[in-house]
Amino acid sequence: MAQHTPGPLKVEYDTMLSALIITNGREHEVARVRYLESRHAECLANAGLFAASPELLAALQQIAKGEGV
C-alpha cells in the first residue's frame, strides 16, 4: 500500500495567502486549498475532507478487514 500522511490533520486559515492550510501535528504544511470567498462552503468542505482523510482511511481499512467501524 502507498504511504500516507498520518493524522491528526487540522485546517488553518492563512490570510496572507487566502488559503486554507492543512497541517499535521508538527505544524508542517501537508496541503493547501485556495480559498475563494465566493465558494466559501465548498472550500471549507474540501479542506475538511482532506484533513479527515487519515480517519477515513482507518475506517475503510477496518471495514475491509470485516471489523466494522
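The values are calculated or read from the model by the stated rules, or taken from the named source; none is laboratory data. This is a predicted model, so every value here is computed, not measured. Glycine also receives a Cβ, built like all others from the backbone with ideal geometry; neighbour counts cover every protein chain displayed. These accessible areas exclude ligands, DNA and RNA; they are computed on the full protein's heavy atoms, side chains included. Shrake-Rupley method; radii C 1.70, N 1.55, O 1.52, S 1.80 Å.
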Item to check | the range 7-35: number of residues that are in contact with a helix residue (DSSP H, G or I) (Cβ under 6 Å, 6 or more places away or on another chain) and either in a loop (DSSP other than H, G, I, E, B) or among the small types (G, A, S) (or both) | outcome: 4
Item to check | Count - residues of the range 13-64 that are at pLDDT 90 or above and among the charged types (D, E, K, R) | outcome: 2
Next on the checklist: Could you check the range 1-14 and list, in sequence order, the residues that are open to solvent by 100 Å² or more (accessible area, probe 1.4 Å) and farther than 19 Å from A58 by Cα?
Outcome noted: Y13
Checklist entry - Between residues in the range 42-63 that are free of Cβ contacts under 8 Å to residues at least 24 places away in the same chain and closer than 21 Å to H28 by Cα and residues that are open to solvent by 30 Å² or more (accessible area, probe 1.4 Å) and of a type in the set (G, A, S), which pairs lie under 6 Å by C-beta distance while being six or more apart or on different chains? => result none
Item to check | Subset tally (residues that are of a type outside the set (S, T, N, Q) and either in contact with a strand residue (DSSP E or B) (Cβ under 7 Å, 6 or more places away or on another chain) or surrounded by 14 or more Cβ atoms within 10 Å (Cβ to Cβ) (or both)) for the range 18-56 | outcome: 19
